[in-house]
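Working notes, beginning with the structure itself.
The values are calculated or read from the model by the stated rules, or taken from the named source; none is laboratory data. All values derive from a computational prediction rather than experimental measurement. Here the Cβ positions follow ideal geometry from the backbone for every residue, glycine too, while neighbour counts run over all protein chains shown. Heavy atoms of the whole protein, side chains included, go into the accessibility calculation; ligands, DNA and RNA do not. Shrake-Rupley method; radii C 1.70, N 1.55, O 1.52, S 1.80 Å.
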Amino acid sequence: MSLTVLMNAGPWLSVPPPGYGGIENVIATLVPELRRLGVRVVLASVDSSTLAVDELVSVFPDGQFAALQRPYNQVCGISQAHLNGVVRQLHSRDDIDLVHDHVEAVGLATLAAMGPDAPPVLHTLHWDLAKHPALYGNLDGGDRVRVNGVSASQLARAPQALRDHSVGHVHLSTPLAVGADTRPATEKGDYVVVLGRINPGKGQDLGARLARRVGFPLVLAGPVGPYHRPEDLAAADDEARQNPDVRFFYDEVAPYVDGDLVRWVGTVAGQERDDLLAGARASLFPLRWEEPGGTAVVESLALGTPVVAMSRGCLPELIEHGRTGLLTADEDELGDLVLAASVLDPDECRREAAARFTPAAMAERYLGLYERVRQVAATPRLQPA
């Protein structure tokens with residue numbers, strides 16, 4: 001396929017990220033498969049990105065994620081500086097066939113404002129669409145800008161203007177799903193794991209409270225704000241508590257963390273993360289928000305670990321209740337389901353992942369959306385008589 005795509009990852013983390021980084025991990029999973037299918041990829045990221053691409057363009061030498069804890073008036077220019085660099089690239093060259101944008105709010109607004117001379121744009125919505133109502137509720141991308149969700153449930157809750165620009169959804173994938181159905185089983189421990197950034201929406205406080213009440217060992221794995229290790233957070237000064245995730249951890253989660261039954265191990269990555277997830281008897285998602293995508297869900301399935309979760313957001317799309325996981329709308333029932341998850345077959349989880357959540361499946365779906373976006377942009381709009 002003769003197609004050049006500018007993949008706009010943004011300025012926050014390198015691709016792949018050095019640990020946790022949901023959007024950057026999605027891009028690192030998608031790009032190799034697109035290139036295998038013949039797509040030329042220009043990555044707009046930071047200089048420290050190591051993902052193999054055809055070209056890297058950047059404004060910042062390294063990821064700017066740590067700046068997100070600062071007040072808005074100190075950090076608001078970072079995304080704009082990155083997008084300014086992207087716009088300069090688009091104005092100075094004619095080889096970009098499509099922009100695949102992943103930068104929250106600013107990417108969509110900037111690229112929609114570029115006018116009809118810019119390339120077609122597909123903007124992937126990775127987040128809660130209740131955010132940014134003024135932008136999403138009044139979006140006008142003309143025929144050139146389209147969006148996609150990462151689940152059907154996410155788009156179903158979108159403002160009408162956003163749905164009018166939608167070309168569908170693409171479920172997230174994981175390289176772990178490749179050959180998952182032939183992978184040898186991992187011996188299971190007695191612990192349960194919650195994998196993900198610690199914040200109120202992910203509900204780690206609920207998970208920790210249930211672990212203490214029901215009596216199952218729980219491992220919390222993920223960063224607290226910009227702090228990836230417990231010792232880094234412990235060494236932070238009082239200013240760190242300005243970060244809402246840090247406040248949430250100290251106020252709502254830390255009282256249950258005893259280092260024995262409930263442990264916070266910080267960010268885990270690579271083989272350490274895979275071993276932790278594969279060895280868990282269940283992966284717990286005590287969600288308090290409508291999860292849009294669920295990368296950790298498909299990773300859990302690929303590693304043969306059943307999912308126990310609140311039935312919110314995309315979870316019913318990814319999990320078959322009673323086969324690959326257990327879902328409930330009742331927080332009080334969640335702890336009991338953790339104990340019941342031992343009856344689920346890890347092989348069923350691996351087979352589901354291999355069938356539905358491979359990077360190849362995601363890339364093929366995006367190629368179809370790219371073609372649709374380009375066709376819509378190339379078709380003149382009929383003017384009323």
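As a summary of the residue check, residue 131 satisfies the conditions (1) in a loop (DSSP other than H, G, I, E, B); (2) modelled with pLDDT of 95 or more except for the one numbered (2). With respect to the conditions (1) surrounded by 17 or more Cβ atoms within 10 Å (Cβ to Cβ); (2) in contact (Cβ under 8 Å) with a residue 60 or more places away in the chain, residue 53 lacks only one, and its number is (2). Just give me the residues in region 142-158 being open to solvent by less than 10 Å² (accessible area, probe 1.4 Å) and either touching a residue at least 40 places away in the same chain (Cβ under 8 Å) or in a loop (DSSP other than H, G, I, E, B) (or both), in sequence order. Those that are open to solvent by less than 10 Å² (accessible area, probe 1.4 Å) and either touching a residue at least 40 places away in the same chain (Cβ under 8 Å) or in a loop (DSSP other than H, G, I, E, B) (or both): 148, 149, 150, 151, 154, 158.
Based on this model, can you work out whether residue 57 counts as of a type in the set (A, V, I, L, M, F, W, C), at pLDDT 95 or above and within 19 Å of residue 362 (Cβ to Cβ)? Don't jump to the end; show me each part of the working.
Values: of a type in the set (A, V, I, L, M, F, W, C): yes; at pLDDT 95 or above: yes; within 19 Å of residue 362 (Cβ to Cβ): no.
Spelling it out, it is not the case that residue 57 is of a type in the set (A, V, I, L, M, F, W, C), at pLDDT 95 or above and within 19 Å of residue 362 (Cβ to Cβ).
In region 31-50, of all residues being surrounded by 23 or more Cβ atoms within 10 Å (Cβ to Cβ) and in contact (Cβ under 8 Å) with a residue 60 or more places away in the chain, the one that is farthest from residue 90 (Cα to Cα) corresponds to 34.
Rundown of residues vs (1) within 16 Å of residue 9 (Cα to Cα); (2) touching a strand residue (DSSP E or B) at 6+ places or on another chain (Cβ under 7 Å); (3) at pLDDT 95 or above, yes/no style:
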{"position": "41", "(1), (2), (3)": "yes, yes, yes"}
{"position": "79", "(1), (2), (3)": "yes, no, yes"}
{"position": "116", "(1), (2), (3)": "no, no, no"}
{"position": "120", "(1), (2), (3)": "no, yes, yes"}
{"position": "137", "(1), (2), (3)": "no, no, yes"}
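Cβ-Cβ distances below 8 Å connect the following pairs, each with a first residue in region 76-98 that is farther than 21 Å from residue 3 by Cβ and open to solvent by less than 20 Å² (accessible area, probe 1.4 Å), a second residue that is modelled with pLDDT of 95 or more and among the hydroxyl-bearing types (Ser, Thr, Tyr), and a separation of six or more residues or different chains: 83/110; 85/58. For region 159-188, a residue qualifies if it is of a type outside the set (Ser, Thr, Tyr), open to solvent by 30 Å² or more (accessible area, probe 1.4 Å) and in a loop (DSSP other than H, G, I, E, B), and the qualifying residues are 159, 171, 178, 179, 183, 184, 185, 187, 188. Of the residues making up region 11-29, those that are open to solvent by less than 10 Å² (accessible area, probe 1.4 Å) and out of contact with any helix residue (DSSP H, G or I) (no Cβ under 6 Å at 6 or more places or on another chain) number 2.
Taking region 230-273 as the range and being loosely packed, with under 15 Cβ neighbours inside 10 Å and not in a helix (DSSP H, G or I) as the test, the residues that pass are 237, 258, 259, 260, 265. The residue pairs whose first member lies in region 107-121 and is at negative phi and open to solvent by 20 Å² or more (accessible area, probe 1.4 Å), whose second member is modelled with pLDDT of 95 or more and among the polar types (S, T, N, Q), and whose beta carbons are closer than 8 Å, counting only pairs six or more residues apart or on different chains, are 110/80.
Scanning region 274-298 for residues that are over 29 Å from residue 131 (Cα atoms) and either crowded, with 21+ Cβ neighbours inside 10 Å or among the basic types (Lys, Arg) (or both) returns 277, 278, 280, 281, 282.
Every residue, every condition in (1) buried (at least 21 other Cβ atoms within 10 Å of the Cβ); (2) part of a helix (DSSP H, G or I); (3) under 24 Å from the mean Cα position of the chain (by Cα), yes or no:
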residue	(1), (2), (3)
300	yes, yes, yes
312	no, no, yes
334	yes, yes, yes
350	yes, yes, yes
353	yes, yes, yes
375	no, yes, no
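Within region 314-332, the residues that satisfy the criterion of being touching a strand residue (DSSP E or B) at 6+ places or on another chain (Cβ under 8 Å) and assigned to a loop (DSSP other than H, G, I, E, B) are 319, 324, 329.
Inspect all residues belonging to region 211-225 and state whether any of them is loosely packed, with under 13 Cβ neighbours inside 10 Å, of a type outside the set (A, V, I, L, M, F, W, C), closer than 30 Å to residue 341 by Cβ and over 24 Å from the mean Cα position of the chain (by Cα).
So in region 211-225, the residues loosely packed, with under 13 Cβ neighbours inside 10 Å come out as 213, 215.
Narrowing further to those that are of a type outside the set (A, V, I, L, M, F, W, C): 213, 215.
Remaining after also requiring closer than 30 Å to residue 341 by Cβ: 213, 215.
Add one more test, that the residue is over 24 Å from the mean Cα position of the chain (by Cα), and what stays is 213, 215.
Yes, region 211-225 contains at least one residue that is loosely packed, with under 13 Cβ neighbours inside 10 Å, of a type outside the set (A, V, I, L, M, F, W, C), closer than 30 Å to residue 341 by Cβ and over 24 Å from the mean Cα position of the chain (by Cα).
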